[in-house]
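Quick one: structure below, then a few questions.
The values are calculated or read from the model by the stated rules, or taken from the named source; none is laboratory data. Remember, predicted model here, so these are calculated numbers, not experimental data. For neighbour counting, all protein chains shown are included, and Cβ atoms are generated from backbone atoms with ideal geometry for every residue, glycine included. Accessible surface areas use protein heavy atoms only, side chains included; no ligands, DNA or RNA. Shrake-Rupley method; radii C 1.70, N 1.55, O 1.52, S 1.80 Å.
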Amino acid sequence: MIGQVLRAAAFSILACAASTSAAHAQWPERPIRWVVPFGPGGANDLIARVAAEAVRQRLKQPIVIENRPGAGTVTGTMAVAKAEPDGYTFLIGSTGLATNSILLKNLGYSDDELVPVGMIAVAPSTIVVHPSVPASNMKEFMAWAKAQGAKGITWSTAGSGSTPHFVAEMIKEAGDVSVTIVPFRSGSDSINAVMSNTVAATSEASIVVLPQIEAGLLKAIATTYTKRISAYPSLPTTAEQGYPTIEIGHWAGLLAPRGTPQAIIDKMNAELRAALKSPEVMQKLSSTGIEPAGGSVAEFAEFIARERKRLGDIAIRAKIGEP
């Protein structure tokens, strides 16, 4: 009798496992949601929409982009961290994912509640100044900044802890110059402040500043990315100009709630990587100054960990974040 009960229990467990495996194999069976923790129209939103359409074609299911801005990406990020880990909700993560837990208290979620799926793309950060600034490269820019003495130069950002804020702190450390941070509510407001000569300089995603550079409304000094921008190959990197520690990009990657089945994560990663290699996707992104990335789940996890440590150290030295 006991043997029969044990056999029945074992059969039930195997049947359940087979059913679960089959369910994962059939994924996706309904629309998938990608949450963008920014408003529509920015670099991360564009990256998400281009990638979602390409992945949709491969998975044969709609991918719905849901913009959930607020609280420096915390609102949208927390929504995904607390979502059902069933493979139908994902986050478009960015630099804030690596730094929010360092800069902010009482986030409402923990870093380990989100798991990496794959890197999508990087919108290289570009240092720009008002055309009246007497500098056209990093050497001239640093010399001009140092010549301002204790009053320093003014630098606009998209808020405390934003990518432009980190660039400013990197510039302070690399050049031993004084920089006065002028925070704005958004990247577009920050750029407008430089174009109106209210603020002297800033950095922003390539997709945001390239049109203004081409129109002569901004002057480009360098890209802080690891390589030159495909859509603007004549602009040298900060590293090429002798400042390798000034390095950062406006990246976008896909993450899922902790507990999402590994089979689903692996499949989404594979489809994302394949989509990013398509000539159509590469052209759509690179033509706007965005560099397609891709890579494995492990590579994305290593990147996040590395950025969290690197930017965290800068935040501590600069005393960025809530006390």
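If we keep just the residues of region 269-292 that are under 18 Å from the mean Cα position of the chain (by Cα) and under 14 Å from residue 116 (Cα atoms), which is most open to solvent (accessible area, probe 1.4 Å)?
The qualifying residue most open to solvent (accessible area, probe 1.4 Å) is 273.
Being closer than 25 Å to residue 311 by Cα and buried (at least 18 other Cβ atoms within 10 Å of the Cβ) is the filter here; which residues of region 123-153 pass it?
Here is the first cut: in region 123-153, the ones closer than 25 Å to residue 311 by Cα are 123-129, 137-139, 141-142, 145-146, 152-153.
123, 124, 125, 126, 127, 128, 129, 138, 141, 142, 145, 153 - these are the residues of region 123-153 that are closer than 25 Å to residue 311 by Cα and buried (at least 18 other Cβ atoms within 10 Å of the Cβ).
Restricting region 154-193 to residues that are in contact with a Ser or Thr (Cβ under 6 Å, 6 or more places away or on another chain) and surrounded by fewer than 17 Cβ atoms within 10 Å (Cβ to Cβ), which is modelled with the lowest pLDDT?
In this case the residue turns out to be 183.
Same structure again: Please verify whether region 205-217 includes one or more residues that are under 30 Å from residue 34 (Cα atoms) and hydroxyl-bearing (Ser, Thr, Tyr).
The answer is yes, given that some residue of region 205-217 is under 30 Å from residue 34 (Cα atoms) and hydroxyl-bearing (Ser, Thr, Tyr).
Conditions: (1) buried (at least 17 other Cβ atoms within 10 Å of the Cβ); (2) modelled with pLDDT under 95; (3) not basic (Lys, Arg). Residue 51 meets all but one. Number of the miss?
Exception for residue 51: condition (2).
Can we say residue 252 is without any contact (Cβ under 8 Å) to a residue 60 or more places away in the chain and either touching a Gly at 6+ places or on another chain (Cβ under 6 Å) or open to solvent by less than 40 Å² (accessible area, probe 1.4 Å) (or both)? So that I can check it myself, show each step before the final result.
Working: without any contact (Cβ under 8 Å) to a residue 60 or more places away in the chain: no; either touching a Gly at 6+ places or on another chain (Cβ under 6 Å) or open to solvent by less than 40 Å² (accessible area, probe 1.4 Å) (or both): yes.
Here the answer is no, as residue 252 does not meet what is asked.
Would you point out the residue of region 306-323, among those that are open to solvent by 60 Å² or more (accessible area, probe 1.4 Å) and either among the hydrophobic types (A, V, I, L, M, F, W, C) or in contact (Cβ under 8 Å) with a residue 12 or more places away in the chain (or both), that is nearest to residue 229 (Cα to Cα)?
Initially, region 306-323 is screened for residues open to solvent by 60 Å² or more (accessible area, probe 1.4 Å), giving 306, 308-310, 316-317, 319, 322-323.
So of that shortlist, the ones also either among the hydrophobic types (A, V, I, L, M, F, W, C) or in contact (Cβ under 8 Å) with a residue 12 or more places away in the chain (or both) come out as 308, 316-317, 322.
Values: 308: 24, 316: 30, 317: 30, 322: 34 Å.
Per the criteria, the residue is 308.
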